[in-house]
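Report on the following structure.
The values are calculated or read from the model by the stated rules, or taken from the named source; none is laboratory data. The structure displayed is predicted, hence computed values, not measured ones. Neighbour counts are summed over all protein chains in view; Cβ atoms, including those assigned to glycine, are modelled from backbone coordinates with ideal geometry.
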Amino acid sequence: MQYTKIDISSYLYKLLQQIPEGYVTTYGILAEALGDKRVARSVGYILSINDQPDEYPCYKVVYSDGRSGNYALGNEEKIRRLTRDGIKIDSGKIEDFQSKIFKDFKTEYPLKKLQQEQIKIATLADFNEHPIPEKIAAIDVSYFNDYGYVSMVFSDSDEIRSYVAKAEFPYMSSYLAYRELPFIEKIAHDFDGLILIDANGMLHPREAGLATFAGVIMNKHTIGVAKSLLLGDIRNSYIYYNNKLLGYEINKRTIVSPGNFISLEQSIDFIKKLGNNKYPKILKRAHDESVKLRKAEITETGQR
């Protein structure tokens, strides 16, 4: 099955070109133009690494309270450029702010399309009980300057698979699959066992966390094992979101949810036994290997 691949950073940069001279917008408004108001912080990060500030005028993006905010070329330069556009600033705030806000972006709301795709993925996931494959592997991805360092380790051998590449999708909460799945596809496409992924599975706002998304797209058995609880409330160790049972907390650092071709109870029992009620060693090893790979690559190539 294919999934959507989009350069969301370039899409955001092109939205900036729609802002008329003499107007500004906010991080939140841009997030809404992308299709999800919750990604405003990610919008800020993407703008902070804009390496073509003259072509893509990120100086026109300010805080929702009218403060001019930060700028990669310095706050003074941001104020200079805004003043050049006819925008008056007093004590770091834009005068007559509400009349200067631009909201009317022409957009296809790409993140809304990704949300619909995630909902579809969730309907295709199989959360029923199935025989668990004998072969087990674990995958972890670490990052530095948007480069991903992925390691895959196996329960029945000392083999370690490694892969390094630039992430084509920025970090955005609830869209991790679009960032990390290309790494997982590259490193695990020919593995026919159960894959443990350092992420959530069903435990996701649209029930399509990375482990579920990867399991469906790659047609593989997967379980998500996260190191922290990102959403939901706990009732007797079971995790509910919108009053639906989606996961289980073995301990504060071991959050389990099914990915694909496995039930919740199977996932819980399997991870409990595998880790003796702790975070499984095979996942810890995958994490350690990805960090080691990252440090070795940075030492060898210098900071990317």
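Would it be correct to say that Lys120 is farther than 30 Å from Val291 by Cβ and in the same structural domain as Ile271 (by TED's automatic domain parsing)?
Against the criterion (farther than 30 Å from Val291 by Cβ and in the same structural domain as Ile271 (by TED's automatic domain parsing)), Lys120 qualifies.
Quick check on my filter: what residues within segment 19-50 are among the aromatic types (Phe, Trp, Tyr) and outside any helix (DSSP H, G or I)?
Correct list: Tyr23 only.
Go through segment 31-68 and give me each residue that's within 18 Å of Ser99 (Cα to Cα) and either surrounded by fewer than 17 Cβ atoms within 10 Å (Cβ to Cβ) or assigned by TED's automatic domain parsing to the domain that holds Phe169 (or both).
Ser64, Asp65, Arg67
Step by step: first the residues of segment 31-52, then only those that are touching a residue at least 40 places away in the same chain (Cβ under 8 Å) and closer than 18 Å to Leu114 by Cα, then the one that is farthest from the chain's Cα centre (by Cα). Which residue is that?
Out of the qualifying residues, it is Ala33.
Taking the stated definitions as given, is Gly28 touching a Lys or Arg at 6+ places or on another chain (Cβ under 8 Å), in contact (Cβ under 8 Å) with a residue 12 or more places away in the chain and either among the small types (Gly, Ala, Ser) or closer than 30 Å to Val216 by Cβ (or both)?
Yes; evaluated as a whole, the condition is true for this residue.
Would you point out which residue out of Ile79, Ile49, Ile29 is at pLDDT 95 or above and among the β-branched types (Val, Ile, Thr)?
After ruling out the rest, the residue left standing is Ile29.
Hey, can you tell me all the residues within segment 242-276 that are in contact with a Ser or Thr (Cβ under 8 Å, 6 or more places away or on another chain) and free of Cβ contacts under 8 Å to residues at least 40 places away in the same chain?
Hits for segment 242-276 are Tyr248, Glu249, Ile250, Lys252, Arg253, Val256, Gly275.
Which residue is farthest from the chain's Cα centre (by Cα), if the candidates are limited to segment 276-300 and must be among the hydrophobic types (A, V, I, L, M, F, W, C) and surrounded by 16 or more Cβ atoms within 10 Å (Cβ to Cβ)?
Ile282
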